[in-house]
Amino acid sequence: MIQKRGRRTGPDAEGSGNPARGSRPLYPAIASTIGAYRNVLFRAPAANFPVEKRGVVQEAIHSIPKRSPRAWPIHRRCSGSLREMPPSRKDQSSLTRAVALAWLDRRINYERAIPQKISAGTFGLARMRRLLAAIGAPQQHFPVVHVAGTKGKGSTVAMIAAILAEAGHTVGRYMSPHVHNLEERIAINDRAISASDLVNAFRHVMPAVDALDRIAEKRNTNGPTWFEIMTAIAMVHFARKKVPIAVIETGLGGRLDATNTAQPILSIITSISLDHMAILGTTIEQIAGEKAGIIKRGCTVISGVNDGPASSVIAATATRRRAPLLQLERDFQAEHRRYGTSPLTALAGGELEFRRSVPGQATAPLLFRIGMPGRHQAINAALAVMAAQKLEALGFHLPLPAIARALQKVHLPARIETLCQRPLVVVDAAHNVASMQALIETLEPILAAFCPRVLVFAASNDKQIEAMLAAATDQFEHIVVTRYATNPRAATLQRLTEACIQAGWPQPHAAHSPQEALHLAQSLATPQGFVCIAGSFFLASEIGSYPCAE
């Protein structure tokens, strides 16, 4: 039995993103391959892989056949469901995207099912670290800007990545969830990973997952999850493409998120509000503590959090870890201005006035046009500008014209996205109370100018549905509730109907599919009206694939 020695405890133990000093790896056979394997994997062709090193890797992952890593066999079982894979060939040379995604979808996936009981085997960094060690520690090949937050983190990631790319840098970008297809999550210079690169990354990760599955099965624990595997695939892709930097969004929380194994040179926390309370905690302070888990010792953190208790938690964590803190309103300010006076300009982005606060020094404001609408996007843009200034100090040349062009050009699907004009149909991925409030604030000019107004709404069952609906009460004449089909977390029509009545809405219309809901909403709105679709990324994903009947 292997004993772990010198295990570090306390708030920095899991949140550091690095193994504890003095600790002994739980699986030394796997860990011992990192040095031998890493350089060959990412810097030399597979044909040059030394026979003696190949044997070390095979021993570490338990009887993998002696052949090039590119030809390792597909494993046929997974701990998520332990169901048999379809009969596979002797090697992975004919692995397809469809087969790889079918294998992935059999894994435990917390985007599809929130666990009822949180335990050490559910969330933690140890399993992810073992997976990364087994595949050659790809996360050590590039620095990272790590972004967490209840809302705004995806937009902030997109803005920072766009700034780096516009300035001529090659930049990896990892975001979740996707709206239209899986490849959206992993991109380099805004170009999604190709199907062939995705399959190649799967070929590399699958054998390590197989080895960890066998160990987990013996110990009656879980093997790598869906999100952990996707995160590993992103890191393999970025390492193989030799990106000089990547911008990475957390999946859930921060402290125990799979992305917290990355090597950050800058950490960003966009906002804190109540969400995922069954996992992250029931108070703002508890949730802030989880998000602050991405703060690393000595690594600058930029915070857009202006809630007093949450800000205090972030500041205390930064102080404890000796991480310089740049705080919105204290160290830099953001002011949002709308374009023009027409109601439709609410959908056309806006202007950001960004100003640094330097003690004893007057600083001139910087003006930027931003392509994504809403005051909340101006705050996200301010975080991106502040990040750009810190990255400039770290050696990444980011001239102001490149920053300005990037902020004006960047767009993301399902962020107050216009689908059609008659009636005006807008879809947004608002999926918690704070994001619903931000959506309604942004749409105020539209809501005042258009009539009739219809809200199409669906949400996951674990969300604060009544409070989300209350944020939009009295803003619409009609509401159509529906249930998306692609995720089992979807709230039932009965649950949504009861929530509408409790939130003060009139009796809602019910539609059994998003497509039916869209057609009903367009009929209720008439060509002169307005339809807003909100409540979930999963609703936005499904409904965005249907053409509007103009």
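Out of contact with any Phe, Trp or Tyr (no Cβ under 9 Å at 6 or more places or on another chain) and not in a helix (DSSP H, G or I) - does that describe any residue in the range 528-535?
As a first pass, look at the range 528-535 and keep what is out of contact with any Phe, Trp or Tyr (no Cβ under 9 Å at 6 or more places or on another chain): 531.
Going one step further and asking which of them are not in a helix (DSSP H, G or I), we end up with 531.
Yes, some residue in the range 528-535 is out of contact with any Phe, Trp or Tyr (no Cβ under 9 Å at 6 or more places or on another chain) and not in a helix (DSSP H, G or I).
Given the range 169-281, what strands (runs of 3 or more DSSP E) lie entirely inside it while holding 3 or more residues that are closer than 24 Å to P413 by Cβ and assigned by TED's automatic domain parsing to the domain that holds G304? Lay out the reasoning, then the answer.
On the way: elements: 171-174, 186-188, 245-249, 264-269.
Passing ranges, in order: 171-174, 186-188, 245-249.
Tell me which residues, restricted to the range 179-199, are at pLDDT 95 or above, surrounded by fewer than 19 Cβ atoms within 10 Å (Cβ to Cβ) and not aliphatic (A, V, I, L, M).
If the condition is that a residue be at pLDDT 95 or above, surrounded by fewer than 19 Cβ atoms within 10 Å (Cβ to Cβ) and not aliphatic (A, V, I, L, M), then E183, E184, N189, D190, R191, S194, S196, D197 are the ones that fit.
Within the group G304, G298, which residue is surrounded by fewer than 15 Cβ atoms within 10 Å (Cβ to Cβ), in the same structural domain as V145 (by TED's automatic domain parsing) and modelled with pLDDT of 95 or more?
G298 is the lone residue from the list that is surrounded by fewer than 15 Cβ atoms within 10 Å (Cβ to Cβ), in the same structural domain as V145 (by TED's automatic domain parsing) and modelled with pLDDT of 95 or more.
May I ask you to say which residue of L344, L391 is modelled with pLDDT under 95 and either more than 24 Å from V427 (Cα to Cα) or not β-branched (V, I, T) (or both)? So that I can check it myself, show each step before the final result.
Numbers: L391 fails: modelled with pLDDT under 95.
Sole residue among the options that is modelled with pLDDT under 95 and either more than 24 Å from V427 (Cα to Cα) or not β-branched (V, I, T) (or both): L344.
For the range 351-396, enumerate the residues that are among the small types (G, A, S) and touching a helix residue (DSSP H, G or I) at 6+ places or on another chain (Cβ under 6 Å). Give the derivation first.
In the first step, residues of the range 351-396 are kept if they are among the small types (G, A, S); the result is 357, 360, 362, 364, 371, 374, 378, 381-382, 384, 387-388, 393, 395.
Of everything in the range 351-396, those that are among the small types (G, A, S) and touching a helix residue (DSSP H, G or I) at 6+ places or on another chain (Cβ under 6 Å) turn out to be G371, G374, A381, A384, A387, A388.
How many residues are closer than 15 Å to A404 by Cα, hydrophobic (A, V, I, L, M, F, W, C) and surrounded by 15 or more Cβ atoms within 10 Å (Cβ to Cβ) when one looks only at the range 335-373?
Number satisfying all stated conditions: 6.
Residues of the range 386-413 being crowded, with 22+ Cβ neighbours inside 10 Å and farther than 19 Å from F332 by Cβ, which ones?
V410
Does P508 satisfy the condition of being at pLDDT 95 or above and over 30 Å from I108 (Cα atoms)? Step through it out loud before you land on a result.
Values: at pLDDT 95 or above: yes; over 30 Å from I108 (Cα atoms): yes.
When the stated conditions are applied, P508 passes them.
Of the conditions (1) within 26 Å of the chain's Cα centre (by Cα); (2) not in a strand (DSSP E or B), E351 clears all except one; give me its number.
That leaves (2) as the condition not met.
Taking A402 and the conditions (1) of a type in the set (A, V, I, L, M); (2) in contact (Cβ under 8 Å) with a residue 40 or more places away in the chain; (3) touching a strand residue (DSSP E or B) at 6+ places or on another chain (Cβ under 7 Å), which numbered condition does it fall short on, given that it satisfies the others?
(3)
Would you confirm whether or not the range 473-489 contains a residue that is loosely packed, with under 15 Cβ neighbours inside 10 Å, without any contact (Cβ under 8 Å) to a residue 40 or more places away in the chain and outside any loop (DSSP other than H, G, I, E, B)?
The answer is no, given that none of the residues of the range 473-489 is loosely packed, with under 15 Cβ neighbours inside 10 Å, without any contact (Cβ under 8 Å) to a residue 40 or more places away in the chain and outside any loop (DSSP other than H, G, I, E, B).
The values are calculated or read from the model by the stated rules, or taken from the named source; none is laboratory data. These numbers were taken from a predicted model, which means no experiment stands behind them. Note that we place each Cβ from the backbone using ideal geometry, even for glycine, and neighbour counts take in every protein chain shown.
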